[in-house]
Each structure stands twice: as structure tokens, then as C-alpha cells.
Amino acid sequence: MWEYRHLMLSMAMVIVRARYRRTALGMLWSLLGPVALVLSIGAVYGQIIGRPFSTFVPFLFGGLFSYRFITSVAGGGCTAFINAQGYVKQIAVPLVVYPGRLVLANFIDFLLSFGSLSMLLFVIQVFHPSSLITALPGLVILLVFGLGLGLFQAIVGTIFRDYQHITSIFFQLMFYVTPILYPPEIMDNFGRSWIYLYNPLYYVITCIRQPFLTGQFPPVQTLGIAAAVALIALGLGTYVLGRVGRSVVMHL
Amino acid sequence: MNRIIVEDVSLVYKIGLDLSIKDMALDFIRTRKAIREVPTIEALSGVSLSLAEGERLGIIGPNGAGKSTLLKVMAGLLPPTRGRVHSEGRVSCMFELATGFEMNSSGWDNIYLRGLLLGATPAQIKDKEPEIAEFCDLGKFLDLPVRCYSSGMFARLAFAINTAFDPQILLIDEVIAAGDEKFRAKANNRLKELMDRAGMIVLVSHSLGTICDLCSRTLWLDMGKIVMDGDSDAVVAAYKEYCKTGTLPPQMDLESK
């Protein structure tokens with residue numbers, strides 16, 4: 001994969017740029033969009049839930065942006081090969097490149113959102129500079145998880161076209177099951193802690209969110225589980241890709 | 001050392017039916033058979049050949065003979081259902097010329113991307129950029145997004161890029177036909193030039209003249225089987241005879257299994 005880093009990066013940039021094609025502000029929207037979102041949702045929703053802006057915002061968006069990355073990869077992954085038919089059918093580049101570019105494009109977008117969130121937190125003086133370092137393991141875990149998920153989705157989504165729709169429903173459901181809009185403690189109060197404790201996404205997201213909330217590393221146990229989840233996803237994705245391989249072309 | 005060895009390769013396309021559960025249920029009510037058979041097409045059956053350094057192979061045959069499929073199998077783009085393909089050397093393909101571009105990116109960006117896809121490094125691409133631009137002769141069009149290009153322009157750009165990086169093995173499917181007369185002559189020249197540089201070329205074409213002109217060896221394919229494999233002039237003559245009179249050459253029985 002390293003050999004194709006230039007290719008994947010430039011193909012990813014094509015996707016990122018395409019998003020802002022013909023806009024006057026271009027990629028600046030990647031920074032502005034999240035700020036507008038944070039301000040509006042943060043202000044309104046924070047009022048309803050009755051939690052202070054300064055703790056609620058990093059909590060909500062640390063989770064929301066990570067989750068958005070995961071769903072974009074899961075959804076877009078399903079059509080990664082289908083959209084790249086023109087390449088897949090005539091160029092003998094390893095197949096991993098196509099889901100790879102998608103994951104990378106979404107990760108770039110994610111980093112931009114996170115950058116703008118950090119700046120906003122800095123402005124309202126709740127930014128922990130140490131989070132730039134303590135969030136690193138979480139970022140790596142998220143990227144690895146995304147790559148595994150992307151590979152899996154791309155293969156399965158090409159062979160079973162219904163899968164795309166199943167995915168979108170599944171992740172809609174998971175959005176409410178995973179503690180993103182609400183703190184996990186709410187589940188504890190209901191005695192339903194297992195709902196998030198058995199949710200792999202919870203651990204992955206926490207590894208990103210925690211550093212932004214406290215500036216500290218997430219607990220070792222959380223990191224460990226999240227890393228295991230990411231590696232299992234990568235293993236599963238690689239396995240499916242290796243198993244199906246080039247014959248996925250027959251389903252295009 | 002560049003070479004391709006195709007060993008007893010068969011390839012069966014399973015035709016994916018656009019069948020929903022609703023259709024299946026209706027089917028079941030009508031015919032009482034649970035599952036309809038999946039139609040298959042045997043595009044190649046038991047094809048064997050081996051290509052060595054410097055060879056220029058032409059592939060001819062009627063539509064649906066399996067020519068393009070054979071090319072894709074050689075390129076490693078399609079996995080054979082049975083048999084094996086072994087290839088050494090960097091393969092570059094020219095199949096569907098208007099696809100495999102980023103429609104909203106400029107010609108220049110597409111040169112860069114396509115170059116990377118062909119396995120060139122960024123530095124090599126920068127090196128070759130002027131040469132590619134000069135060869136495809138698209139001038140200011142290179143600054144425009146390629147969605148504005150005509151099909152001939154796509155063909156020129158794709159051809160220029162695909163031949164720029166000294167491919168060791170070049171697989172071409174009926175592409176020189178696109179582009180205008182002037183470009184076609186230029187493309188033919190470049191192909192000859194490339195072949196002189198000791199690569200390996202496989203060319204699928206319906207233009208028997210081009211085949212005789214460019215290839216020393218020709219493969220006649222029909223119904224996924226090799227009908228004849230040998231010296232271009234002899235194979236093309238036999239093929240022409242067959243198309244006119246419908247009689248197969250006498251040696252066909254020897255060659256086909």
C-alpha cells in the first residue's frame with residue numbers, strides 16, 4: 001500500500017476538491033461548515049439538555065465528527081468499486097487503492113473539521129493543547145478502523161447491492177445507540193450500561209473524544225479495546241478482499 | 001524478462017440477473033421452480049499461449065469471440081475461472097479510452113493521476129509531462145476539465161499517457177480507430193517505435209491491415225477457442241477466406257483441441 005501512497009493521496013484530493021467544486025470559498029467550507037454546525041447545535045441543543053457550552057461542545061462534536069467519518073466510509077465504501085469502474089476494469093492497480101482513496105478523502109475532511117473545532121475551542125478557551133498529542137493514538141485507531149471498514153464495505157457492497165441500504169439503516173440506528181448526543185452515564189442511570197459497553201464504536205469514538213474533553217490520554221483499557229476493534233476490522237476487510245479479489249470485477 | 005504465459009484458461013461470466021425478491025416470488029408462483037438458473041457465458045475455453053520478449057501479437061476474430069476477455073485476463077484484470085496466467089513485466093492497457101478519467105479534473109491533473117495509476121513516480125511524470133502534452137497536441141484543452149473533451153480527444157490523451165512511460169507490456173484493444181487521420185498516423189508510428197524498444201505488444205483489432213502491418217504473429221479466436229495461431233499473413237489470409245466463403249482452413253483441425 002505504501003507504494004501507492006501518491007496515487008491514493010492524489011485520488012483522495014480529487015474527491016475532497018470535487019466536494020467544493022465551483023464554490024467561491026473552496027476548501028474553506030471544510031472549516032466553516034463545522035464551525036457553523038457547532039455554534040448552532042451547540043447553542044440550541046446545549047440549552048435543551050441544560051449543560052454548559054464549554055463541556056458540551058467538545059463532547060458532542062468529538063463524537064459527532066468521528067461518527068460522521070465512520071458513516072461516510074461505511075456508506076461510500078459500498079460504492080467505492082462501482083464508482084471506480086472505469087479504473088477497475090482497465091488498470092491493474094491493487095484493488096485496495098479504491099476504498100483506500102475514499103477512506104483517505106474522508107479522513108482529510110475529518111481532520112479539517114477537527115482542526116476548525118480545535119480553533120473554536122481555543123477561542124472560547126476550553127482547548128487543551130495537550131490533546132494534540134493525546135488524541136494521536138485515537139486518530140490512528142480511527143484511520144485503521146476506517147480502512148478495514150472501507151475494504152469490507154467495498155467488497156460486500158459490490159456483490160450484494162442491497163447491502164448499501166442495510167448499511168444506511170444500521171448506522172442510523174447506531175447513531176442513537178452510541179452515546180454521541182447523550183453522555184454514557186445516562187445509560188448507567190437506566191441500568192442499561194451494556195448498550196454501550198458492547199458497542200465497538202463507543203470505544204473508537206471515546207479515544208478521540210476523551211482527549212478533547214480532558215486533554216489526557218484515554219484509559220488504557222479503552223485504548224486497548226479500540227485498538228483491537230480496529231485491528232479486527234482491518235483483518236476482516238483484508239480477508240474479504242483477499243478472498244474475493246479480482247473476481248469482484250464480475251459483479252460490476 | 002517480459003513474458004506472458006496463458007495456461008489452459010477458461011473464463012465463464014455469470015450473468016448477474018437484475019432479479020429482486022419480488023421477481024423471484026412471481027417466478028415461483030408461475031413456474032413452481034424456486035430458483036432460476038443463472039445464465040452463463042463461456043467467453044474463453046481452454047486457451048493456451050505463451051508470449052516472449054519482443055513479440056507483437058495480433059488477435060482477430062468475430063464479435064464476441066473472446067478477444068477482449070483474453071486481453072483482460074492477460075492484464076490480470078479478470079481472474080480466469082480455470083487455468084492459470086503468469087506474467088512478468090509492467091503491463092499497460094488501453095481498452096475503453098473515455099473511461100478512467102476524473103471528469104472534473106483538468107487534462108494536466110489527469111496526466112498526473114493516470115501516470116500514477118500506471119506505476120510511474122511523481123518525478124517521472126513531471127519529466128514526461130511536456131512530451132505527453134506535445135504528443136496528444138491538445139494545446140489549451142489540457143487546462144480544461146476533461147468532461148469538455150470529445151471522444152477523439154480522450155483517445156489522444158489516453159494514448160499519449162499510456163505510451164509515455166515505456167510500458168514493458170502493452171495491451172491494446174481497438175483504440176487507434178479513434179482520433180483523426182493525422183493522429184492515427186502519429187499513433188501508428190509511436191506504436192512501431194515502442195515495439196522497437198523491445199516491449200511486448202498485444203493488439204486486438206478488426207482492421208486486418210493494421211494487424212498485418214504491426215504484428216508478426218496473429219491469433220484467430222472464435223467462440224472462446226483458438227482457431228489458428230501463427231504467422232500474421234497466413235492467419236489473416238485464412239481468416240479472410242473464412243469470412244468470404246465460410247470454410248475453415250485445413251490446419252484448423254490440427255490446431256483446435
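Readers should treat all values here as calculations from the given coordinates under stated rules, not as data from a laboratory. Small disclaimer: the values here were computed from a predicted structure and weren't measured. Cβ: placed from backbone, ideal geometry, glycine included. Neighbour counts: every protein chain shown.
Once every DSSP H run of n ≥ 4 in chain A is given -39500 (n - 2.57) and the sum is divided by its residues, what mean residue ellipticity at 222 nm do you get, rounded to the nearest 500 deg cm²/dmol?
Roughly -24500 deg cm²/dmol at 222 nm, from the helical runs in chain A.
Let me spell out the model: positive unit charges on the Cβ of Lys and Arg, negative unit charges on the Cβ of Asp and Glu, origin at the Cα centre of the protein assembly as shown. What dipole size does that give, in debye rounded to 20?
Here the size comes out at about 1220 debye.
Counting alpha carbon pairs within less than 8 Å and at least 6 residues apart, what relative contact order, in whole percent, applies to chain A?
Normalised by residue count, the contact order of chain A is 28 percent.
If you count, for every residue in B:99-106, the Cβ atoms of partner chains within 10 Å of its Cβ, what is the mean?
Averaged over the peptide's residues, the number is 5.
Give the average, rounded to an integer, of partner chain Cβ atoms located within 10 angstrom of each Cβ in A:84-97.
6
What is the mean projected area of the alpha carbon convex hull for segment B:1-132, to one decimal in square nanometres?
12.6
Can you sort A:108, B:161, B:111, B:15 so the residue with the fewest Cβ neighbours within 10 Å comes first?
Arranged by neighbour count, lowest to highest, A:108, B:161, B:111, B:15 become B:15, A:108, B:111, B:161.
Please report, in whole Å³, the volume per residue of the convex hull around the C-alpha atoms of chain A.
137
Might you report the magnitude of the Cβ-based charge dipole of chain B about its Cα centre, with Lys and Arg at +1 and Asp and Glu at -1, to the nearest 20 debye?
Its charge dipole is roughly 720 debye.
Mind checking B:112-119 for the average number of partner chain beta-carbons within 10 Å of each residue's beta-carbon?
Mean number of neighbouring Cβ atoms from other chains: 6.
Rank these for me by crowding, B:165, A:170, going from fewest to most other beta carbons within 10 Å.
A:170, B:165
For labels at residue A:85 and residue A:5 in the simple 7 Å Cα→Cβ model, what's the distance in nm?
The two pseudo-label positions are separated by 3.4 nm.
State the percent of C-alpha pairs, over all pairs in segment A:132-208, separated by a distance greater than 20 angstrom.
So the pairs more than 20 Å apart make up 46 percent of the total in segment A:132-208.
Would you be so kind as to identify which of B:77, B:124, B:112 lies farthest towards the positive end of the dipole of segment B:72-184, taking Lys and Arg as +1 and Asp and Glu as -1 on Cβ and the Cα centre as origin?
Of the candidates, B:77 comes out farthest on the positive side.
Compute the distance in nm between two label points, each set 7 Å from the Cα along the Cα-to-Cβ direction, one at residue B:231 and one at residue A:190.
Each label point lies 7 Å from its Cα, and together they span 8.4 nm.
What does the highest-first list of A:58-67, A:126-135 look like by mean Cβ count within 10 Å?
For the peptides A:58-67, A:126-135, the packing ranking is A:58-67, A:126-135.
Could you check how many percent of all C-alpha pairs in segment B:3-255 are farther apart than 24 Å?
For segment B:3-255, the share of Cα pairs beyond 24 Å comes to 54 percent.
From the residues A:182, A:35, A:75, which one has its Cα farthest along the dipole of segment A:2-251 in the positive direction, the dipole being from +1 and -1 charges on Cβ of Lys/Arg and Asp/Glu about the Cα centre?
Of the listed residues, the answer is A:75.
Provide A:251, B:206 in ascending order of the number of other Cβ atoms located within 10 Å of each residue's Cβ, fewest first.
Fewest-to-most ranking of A:251, B:206: B:206, A:251.
Calculate the all-directions average of the projected area of the protein assembly as shown's alpha-carbon convex hull, and give it in nm².
Seen from a random direction, the Cα hull of the protein assembly as shown projects 30.6 nm² on average.
Can you give the calculated 222 nm mean residue ellipticity of chain B, where each DSSP H run of n ≥ 4 adds -39,500 (n - 2.57) and the sum is split over every residue, rounded to the nearest 500 deg cm²/dmol?
Theoretical 222 nm ellipticity from helices: -11500 deg cm²/dmol.
For the protein assembly as shown, what proportion of DSSP beta bridges, expressed in % and rounded to the nearest 5, is antiparallel?
Around 55 percent of the beta bridges assigned by DSSP in the protein assembly as shown are antiparallel ones.
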